Amino acid sequence: MITGACWKCLLLSFFFLRGSAQNFAQTRFICTSVPVDVDMCTSSMQNSGPTEDLKTTILQLRETVLQQKETIMNQKDTIRELTGKLSRCEGHTHLEVPSNEPKLGTPGSKKKETSKNTMGDLSRTPTAETLTQLGQTLQSLKTRLENLEMYSRGNSSTQASSLKDLLQSKIDDLEKQVLSRVNTLEEGKVNLKNETEQRGKIESTLTSLHQRITDLEKGQKENRPADKFQLTFPLRTNYMYAKVKKSLPEMYAFTVCMWLKSNASPGVGTPFSYAVPGQANELVLIEWGNNPMEILINDKVAKLPFVINDGKWHHICISWTTRDGVWEAYQDGMLRGNGENLAPYHPIKHQGVLVLGQEQDTLGGGFDATQAFVGELAHFNIWDRKLTVGEVYNLATCRNKALTGNVISWAESNIEIFGGATKWTFDACRQIN
């Protein structure tokens with residue numbers, strides 16, 4: 001008897017032979033004996049040894065691939081963890097820029113590629129540096145309290161005195177915590193987990209203090225002139241900055257002046273940057289890494305002879321004209337350097353974004369924490385002409401009534417702050433008199 005399955009095999013063989021009739025002359029057939037009680041088609045399939053070997057090999061390869069895939073998935077977390085550790089290790093030295101490294105914005109140079117998501121930069125900052133920054137922030141808070149006390153001497157209410165004493169007590173406690181962490185570091189008993197938790201508590205308390213003091217200072221705004229304030233950027237981040245609400249017009253000359261105070265190292269960062277569509281470095285003042293302070297105009301660079309990272313207030317001015325690219329640099333009212341051929345015959349373009357405290361990689365953004373300004377800034381003014389030597393000196397020494405910029409003037413209504421930068425009472429002339 002021929003089974004149904006065998007009939008199918010015979011029919012398939014028939015069609016195959018019919019389709020290949022023209023090749024019968026070159027075809028050979030091999031006969032195999034099959035027991036009477038065995039299905040011929042089943043026997044044929046079972047005897048195909050090479051086919052079974054291939055099936056087995058394919059199954060083994062598939063199993064191996066699945067195992068490898070599972071191994072890779074299991075190791076992804078390990079790879080991610082190791083990458084994070086490597087980033088933290090590199091964070092100990094990523095602020096140190098070799099002096100021979102091409103400067104951002106110089107012709108032919110390329111900006112150092114770093115992760116833009118640096119909200120966590122503080123955790124990768126060396127512990128000693130973070131504690132130093134916290135100490136600077138504490139000192140800033142103490143100065144603000146003294147400032148509040150000076151402006152509120154006429155108010156002798158018990159509530160105001162009690163609040164001031166409470167804030168002072170909290171600052172004293174924070175100073176003790178910072179000192180304790182420094183001593184622990186010196187003894188070499190650093191526990192990273194505990195350090196992170198304690199630093200988080202300190203920063204949380206600092207944030208609370210900043211808010212309390214800011215609330216107190218808000219009550220003084222109505223009683224102070226619109227230009228008697230300063231901006232404070234206590235930490236090197238990519239999210240603290242201020243934005244000038246007005247843009248610059250097209251300018252064929254300018255003078256930009258400001259008061260700065262910083263002791264950041266290496267480099268104080270970027271006091272201001274002006275970007276326009278298609279050119280992020282239209283006008284930038286920056287001291288990055290171990291490089292000297294520089295002024296960038298349309299990506300062309302001039303090195304400035306400023307030394308300002310001593311923790312003291314300094315008045316600086318830079319003037320420029322498009323004709324021959326002539327520039328001058330003043331510090332504390334004195335001419336410190338000059339030159340020419342800085343972006344000659346290139347007018348400063350309009351319709352841009354002016355940011356204080358950060359360097360822009362894109363229009364209004366793309367901030368890099370390593371280039372952020374750390375310190376205090378005040379009386380930022382821009383004119384569309386070159387000021388005279390006498391005008392600059394009078395600004396720096398408060399000899400006469402201070403000029404205000406005819407393009408950008410320093411007023412609270414012109415400045416927006418973001419990311420925790422603070423704005424509080426400041427009088428530059430009181431600092432030098």
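The values are calculated or read from the model by the stated rules, or taken from the named source; none is laboratory data. Not measured: the values here are computed from a predicted model. Quick reminder, even Gly has a Cβ in these numbers, built from the backbone with ideal geometry, and neighbours come from all protein chains shown. Keep in mind that these areas ignore ligands, DNA and RNA; they rest on the heavy atoms of the full protein, side chains included. Shrake-Rupley method; radii C 1.70, N 1.55, O 1.52, S 1.80 Å.
How many residues are under 19 Å from residue 254 (Cα atoms) and either in contact with a Gly (Cβ under 7 Å, 6 or more places away or on another chain) or of a type in the set (Lys, Arg) (or both) if we restrict to the stretch 374-429?
8
Say we look at the stretch 259-316 and pick out the residues that are among the β-branched types (Val, Ile, Thr) and open to solvent by 10 Å² or more (accessible area, probe 1.4 Å); which of these is farthest from residue 368 (Cα to Cα)?
Taking the candidates together, the pick is 307.
Among the residues of the stretch 389-407, are any under 28 Å from the mean Cα position of the chain (by Cα) and modelled with pLDDT of 95 or more?
The answer is no; no qualifying residue exists.
Identify the residue in the stretch 234-258 that is of a type in the set (Phe, Trp, Tyr) and at pLDDT 95 or above and, among all such residues, is surrounded by the most Cβ atoms within 10 Å (Cβ to Cβ).
241
Mind telling me which of the residues 348, 382, 295, 316 ends up being farther than 21 Å from residue 260 by Cα and at pLDDT 95 or above?
Answer to the selection: 348.
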